[in-house]
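Here the structure is laid out as structure tokens; the discussion comes afterwards.
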Amino acid sequence: MSALRIAVAGAGGRMGQAVLRAISESPDFTIAGALVRENSRNGELPYAGKALVTGDASAAIGSADAIVDFSSPECSAALAELAGKARLPHVIGTTGFSAEQDARIAAAASQIVIVKSGNMSLGVTLLTKLVREAARALPYFDIEILEMHHRIKTDAPSGTALLLGGAAAEGRNVSLDDLKTLQRNGARKPGTIGFASLRGGTVVGEHQVILAGPHERIMLSHSAEDRTIFACGALAAARWAQDKPPGLYSMADVLGIPG
Ligand SMILES: NC(=O)c1ccc[n+]([C@@H]2O[C@H](COP(=O)([O-])OP(=O)(O)OC[C@H]3O[C@@H](n4cnc5c(N)ncnc54)[C@H](OP(=O)(O)O)[C@@H]3O)[C@@H](O)[C@H]2O)c1
């Protein structure tokens, strides 16, 4: 198996650096290019080695076999279109997309493999399945999703919380968009799926799905202890994508966890 050449987008960020580090520690991957924002506040990339570090997206992906992208919604949507033209698999870990940005990514997926997930870890991918099954089995239990992340995170609720909420809604054959409650004032409306977001310190990612029924509760939770789990999941997705037909895929597809 030859080393897969990865273009890393958002290379100066927390996740970008975790991806660069995971690549530098593996014989299965090499860095084809590191895409940073022009005039970025981030300077040194200690794990980039001699790779091209650039603000030019075309140059960053020019010699790559796949793109691994934890950047910003604007950057990822534009990169999906560029990847479509370059016929390059695109692994998107970025969260917080608008409906318009999601539609641009879905359009690009008619030309290339895009793996997109609000959480690239094995644990959350499995948790998603458990939540779907629990929501289906307990149709009258109230569902609340609690998450906590570091103080600099910009989107809320987290992409993972929305992923888990989507799984709960799927389990009940309802639409999350119709039932999600991001702010509450007054009594709980039956059938809604509530979200609460905490921000502080350096927390990598904590998620808890609470199913509350009469006189009992089930709590399904995941704790991310290190960003390596997301980086390694994204790299596994880049490898998996190499021989797949164009389409928009999830980490459940990559890990072979049926819905
Ligand atoms: N799916 C998952 O498993 C998972 C796990 C963790 C995080 N995430 C998501 O991944 C994203 C990044 O998270 P993070 O914690 O690494 O954030 P971060 O530290 O803020 O890193 C984001 C990086 O992207 C760069 N960037 C933004 N716009 C760009 C552009 N137009 N061109 C090139 N680079 C650009 C930023 O540059 P500047 O430094 O100049 O701003 C920054 O270096 C977030 O959406 C987060 O929610 C997903």
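Please treat every number below as a calculation from the coordinates, not as lab data. Here the structure is a predicted model, which means the values were calculated and not measured. Cβ atoms come from the backbone with ideal geometry, glycine included; neighbour counts cover every protein chain shown.
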Could you give the nm distance between label points at K189 and E74, where each point is 7 Å from its Cα heading toward the beta carbon? 3.3 nm
How big is the gap, in Å, between the Cα center of segment 198-214 and the Cα center of segment 30-73? 32 Å
Give the Debye-formula value of log10 I(q)/I(0) at each listed q (0.11, 0.12 Å⁻¹), with one equal scatterer per alpha carbon of segment 57-209, two decimals each. -0.49, -0.58
Candidate cut points under GluC sites (Glu not before Pro) in segment 176-259, DSSP loop plus at most 16 other Cβ atoms within 10 Å of their own Cβ, are E225
Where a ≥ b ≥ c are the square roots of the eigenvalues of the C-alpha gyration tensor, would you call segment 1-125 rounded, which needs a/c under 1.5, or, failing that, prolate if a/b is larger than b/c, or oblate? rounded
How would you classify segment 137-259 from its alpha-carbon gyration tensor, with a ≥ b ≥ c the square roots of the eigenvalues: rounded for a/c under 1.5, else prolate if a/b is greater than b/c, otherwise oblate? oblate
Stokes-Einstein D in µm²/s, Kirkwood radius over Cα pairs - segment 70-112 at 37 °C with 0.692 mPa s viscosity: 328 µm²/s
Within the chain, what percent of beta bridges assigned by DSSP are antiparallel, to the nearest 5? 35 percent
Mind checking which lysines have their C-alpha under 27 Å from K189, skipping anything on the same chain fewer than 8 residues away? K129, K180
From the helices alone, meaning DSSP H stretches of at least four residues, give me the mean residue ellipticity at 222 nm for the chain, per-run term -39500 (n - 2.57), in deg cm²/dmol to the nearest 500. -10500 deg cm²/dmol
If one takes the longest principal axis of the Cα atoms in the chain, at what angle in degrees, from 0 to 90 and to the nearest 10, does the Cα axis of helix 228-240 lie? 70 degrees
Of all trypsin sites (Lys or Arg not before Pro) in segment 146-254, the ones in DSSP coil with at most 15 other Cβ atoms within 10 Å are R151, R184, R188
Starting from the alpha-carbon convex hull of segment 6-46, give the projected area averaged over all orientations, in nm². 2.6 nm²
Shape call for segment 147-197, from the Cα gyration tensor axes a ≥ b ≥ c (a/c under 1.5 means rounded, otherwise prolate when a/b beats b/c, else oblate), comes out oblate
When Lys and Arg each count +1 and Asp and Glu each count -1, what net charge do the other residues less than 12 Å away from I145, Cβ to Cβ, add up to? -3
If we restrict to alpha carbons, what Rg and Dmax does segment 92-165 come to, in Å? 14.4, 42
Just how far, in whole angstrom, is segment 80-96 from segment 234-259 if you go by their alpha carbon centroids? 14 Å
Point-to-point label distance, D226-L255, nm (Cα→Cβ direction, 7 Å offset): 1.8 nm
Treating only the Cβ atoms of Lys and Arg (+1) and Asp and Glu (-1) as charged, compute the dipole magnitude of the chain about its Cα centre; round to the nearest 20 debye. 160 debye
For segment 43-86, which GluC sites (Glu not before Pro) are both in a DSSP coil and crowded by at most 13 other Cβ atoms within 10 Å? E44
Relative to a virtual label point 7 Å from the Cα of R199 in the Cα→beta-carbon direction, which members of segment 130-159 show backbone nitrogen distances below 12 Å? 149-158
Along the principal axes of its C-alpha atoms, what lengths does the chain span, in descending order and rounded to whole Å? 60, 39, 33
